[in-house]
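The values are calculated or read from the model by the stated rules, or taken from the named source; none is laboratory data. Not measured: the values here are computed from a predicted model. Neighbour counts run over all protein chains shown; Cβ positions are idealised from the backbone, glycine included. All accessible areas refer to the heavy atoms of the entire protein, side chains included, with ligands and DNA or RNA removed. Shrake-Rupley method; radii C 1.70, N 1.55, O 1.52, S 1.80 Å.
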Amino acid sequence: MTELSWYRLDPLDVLLFRDSRPFQPGEGSWAKSLFPPLPITVFQALRSLCDSYAQNLEFLGPFLIDAKNQVWVDTPKDLVCIGNKSNEEVDINDRADLSKVKGFARTQPTATDDPAWKDVRHPLPGKLRPIVEPTLRENEQAQGRPAPLMRLDALVLYLQGKLDQLNAKEHFHDLPWSTQVLPHIKMQTESRNVEDEAGYFTEVANRMHPGWGFVAGISVANREGVVRIGGEGHQAQVHALKKPPFADLERFQGTGQETLAYVLTPGLAPVVADAPVYGLYPHDWQEHLIGVVGDRPLLAGGLSTFTRRNGQPQLGYSAQRAYVRPGTIYRFAQPPSPQPQQLLGGVAPKARTTFEKLHYGQLLWGTA
């Protein structure tokens, strides 16, 4: 991270990064957005400010940044709010009431000798165990999940196992954007009628809240300007940051023996050797992994349409991949040796080099 120059991107428009679902303009067609965007999208935006001959660039991001230039990342998926015990039933997956939150705990892989789970086994080979609620004191109970974003300095506390220093009101934040529906109507030439084909479709874009933007690092310094971001012609203003926003994370040093891994950026986990089939964790971790807490994958690529030079539309295919979401947590009985630094695999060597340079699947190791 010390070799990267960091930039803030402030959107000047609504933003739309189409997801993997096929889209063709027509009656009832909806184009939804994959938000925040994947690293390649913001990398290409920043690269447009660089010299055309720049090669082998390093990139990390994007992450969310607020008006105070504080960086926010995905809250670890295993984190649970705890509070005083009451007669009120609370679903552990619901958002917690901040007024009742007294602290935090992690969901845990079940004990191997727990009779309640002795007949529950993961269908794949390995040592993966069910994830259960944390063991709490007699006067405590789980209150639900914290907000989906965590401040970067709070993530360092989490990785160090200092959950008692987390603050529910200061260290967590809701998603800083709202959706905006954009209907499109194409009229017939010299007429007030809507065209029959491709005449009406709807895009679902995202609008960042005031003061919020993206931050990313790239191995090129002193670049500022306005860039096009995404495929819809939307723009963002790029400003160089004088103070590196990842100073807290750079000061965090592990020992090499940590048994918890946090996914910082979207990564690929091939579930089958030598095949582009992706899931929540890679097949070669099965003997080391004892627990995983994640969410539905981010789907990108797939079937799309393009127009040939003769004007005829044609279907085209791009590689569809299921990315592990940031914030996913892996628990190990013993860490793999050597500790992997990226969650990445199942891609061709040339593509793998690109993914490594763009730091897909960046892993941060911490204390369980």
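Below, the figures for the structure above:
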| item | result |
| --- | --- |
| For Arg325, residues with placed amide H under 5 Å, excluding near neighbours | Asp295, Leu298 |
| Anisotropy class of region 106-148 from Cα gyration tensor, a/c 1.5 cut | oblate |
| Amide N proximity, region 260-285 versus Asp114 label position 7 Å along Cα-to-Cβ, cut-off under 19 Å | 260-261 |
| Computed Kirkwood radius, in angstrom, where 1/r is averaged over Cα pairs of the chain | 22.6 Å |
| Amide H within-cut-off set for Gly345, under 5 Å, with H built and near neighbours excluded | Leu268 |
| Of Lys32/Lys68; Lys77/Lys350; Lys85/Lys162; Lys127/Lys169; Lys162/Lys242; Lys127/Lys357, pairs whose Cα-Cα distance is over 26 Å | Lys32/Lys68; Lys77/Lys350; Lys127/Lys169; Lys162/Lys242; Lys127/Lys357 |
| Mean separation of Cα contacts under 8 Å (6+ apart) over length of the chain, as relative contact order % | 26 percent |
| Charge dipole (region 103-153, unit charges on Cβ, about Cα centre) - positive-most of Leu149, Phe104, Pro134 | Leu149 |
| Counted charge near Ala147, where neighbours are those whose Cβ lies closer than 10 Å (Asp, Glu -1; Lys, Arg +1) | +2 |
| Net lengthening on full extension, Leu163/Gln55 (0.36 nm per residue, minus Cα-Cα) | 34.7 nm |
| Under-5 Å amide H pairs with Lys85, H placed in peptide plane, nonlocal only | Glu140, Gln141 |
| Charge context of Val156, other residues only, Cβ under 11 angstrom, K/R +1, D/E -1 | 0 |
| Accessible area in square angstrom per residue, the chain, 1.4 angstrom probe | 54 Å² |
| Estimated vicinal HN-Hα couplings, Hz - region 3-13 in sequence order (Karplus 6.51, -1.76, 1.60; Gly, Pro = x) | 8, 9, 9, 9, 10, 9, 10, 9, x, 9, 9 |
| Net charge, Thr112 excluded, C-beta distance under 14 Å - Lys, Arg +1, Asp, Glu -1 | +2 |
